[in-house]
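In what follows, a single structure is set out as structure tokens and then discussed.
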Amino acid sequence: MTVFLAAGALANAGGAVGAGLAAMGAGIGIGQIGKGAVEAIARQPEASNDIRANMILAAALVEGAALFAIIIGFLAMVL
């Protein structure tokens, strides 16, 4: 019985750590995307619309992957 409780506690801790790392990774990734877009617009202002559209698409993809990772972390805690 004690082994199952310890395994459940480890799963809860692992899920919490995984969800936290996914959130932090998404924040860092989106920050890097924004930084690159601002630098690119500063170099070529005439291409700002294309750069902005690509930045929004990349940020949305990072957010989707992070949301998936956070949900998996929460499921590891619950199940």
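Per atom type, the chain shows carbon and sulfur on 75% of its accessible surface, probed at 1.4 Å.
In the elastic network of the chain, a GNM with C-alpha springs shorter than 10 Å, the most mobile of Ala60, Ala23, Ala42 is Ala42.
The values are calculated or read from the model by the stated rules, or taken from the named source; none is laboratory data. This structure is a prediction, so every number in the text was calculated from the model and none was measured. Side chains included, ligands, DNA and RNA excluded: accessible areas come from the protein's heavy atoms. Shrake-Rupley method; radii C 1.70, N 1.55, O 1.52, S 1.80 Å.
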